[in-house]
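As structure tokens, the structure follows; a few thoughts come after it.
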Amino acid sequence: MMGEHFRCTDRCAARRSARARFRNRGSRRAALPGPRFRLRTVERPAFPGGGPSVPTIGEVTLSDRVTNMGDSPFAPMLMYHMNIGGWLAGAETRICGTMFGDEKRGWRFGEGDRALFCVPATPGAEDGWAQVVLGPFEALAGRSLVVRFFTGTLPFLQIWRCQIGAANVIGIEPVSHRLAKRIELAASGEMPMLEPGQAIEYALAFRIR
């Protein structure tokens with residue numbers, strides 16, 4: 001997660017944080033400075049936005065709800081971050097998805113040893129869900145990674161790569177906001193506040209096919 005109000009950058013970081021104290025199965029509570037919030041991951045999610053209630057066979061699903069438990073509003077920001085080893089990719093590996101239409105992009109996009117792009121994910125989304133596919137992977141016998149996410153609260157997709165030194169990685173990042181500084185997003189009205197007692201939901205699913 002991003003921003004001043006979300007000090008734990010991901011699940012692993014949250015577990016590593018000596019300042020965080022989490023209780024109750026399926027619920028994470030953080031004793032952190034600033035507004036209080038709760039992040040709950042539903043093990044068998046009912047997807048938001050009219051998405052499929054039953055996941056595809058072989059699909060891993062995540063459904064997260066952030067609740068403002070404090071007495072003041074704040075602007076939530078969230079990103080799901082997935083790293084894929086670049087060594088799995090080959091000359092035929094492409095990036096395609098509902099947001100790209102018929103376009104297929106090579107996984108070594110951009111110039112140099114690292115590159116990043118961010119695009120709106122809502123174009124082409126079906127029932128509020130976007131899909132991005134990375135593959136085929138030669139190392140996986142021609143199979144591909146398929147990622148779906150709810151665009152109602154994750155309306156953008158970032159993809160980045162890094163091939164510097166020993167690093168060789170491709171990142172897929174469904175995200176709540178476009179790539180811009182927080183102050184710019186706030187000035188343009190893109191940082192809606194979550195009032196005390198209100199909640200917001202995010203969802204993602206992925207599989208190998």
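Fewest-first ordering of 81, 177 by other beta carbons within 10 Å of each residue's beta carbon gives 81, 177. Here the spin labels are modelled as points 7 Å beyond Cα on the Cα-Cβ line, and at residue 190 and residue 102 they lie 3.0 nm apart. Using C-alpha pairs under 8 Å with a sequence gap of at least 6, the mean separation divided by the residue count of the range 82-179 gives a relative contact order of 32 percent.
Among 129, 160, sorting on how many other beta-carbon atoms sit within 10 Å of each Cβ, with the fewest leading, yields 160, 129.
For the range 82-179, the pair-distance distribution built from all alpha carbon pairs, in bins 10 Å wide starting at 0, is 17, 49, 30, 5, 0 percent.
Annotation for the range 75-97 versus the range 128-188: alpha-carbon center distance of 5 Å.
If neighbour count is taken as other Cβ atoms inside 10 Å, put 117, 100 in order from fewest to most.
Values: 117 14, 100 17.
The fewest-first ordering by Cβ neighbours comes to 117, 100.
FYI, it's all coordinate maths here, none of it is from the lab. Owing to the predicted nature of the structure, the values given are computational and were not obtained by experimental measurement. Neighbour counts run over all protein chains shown; Cβ positions are idealised from the backbone, glycine included.
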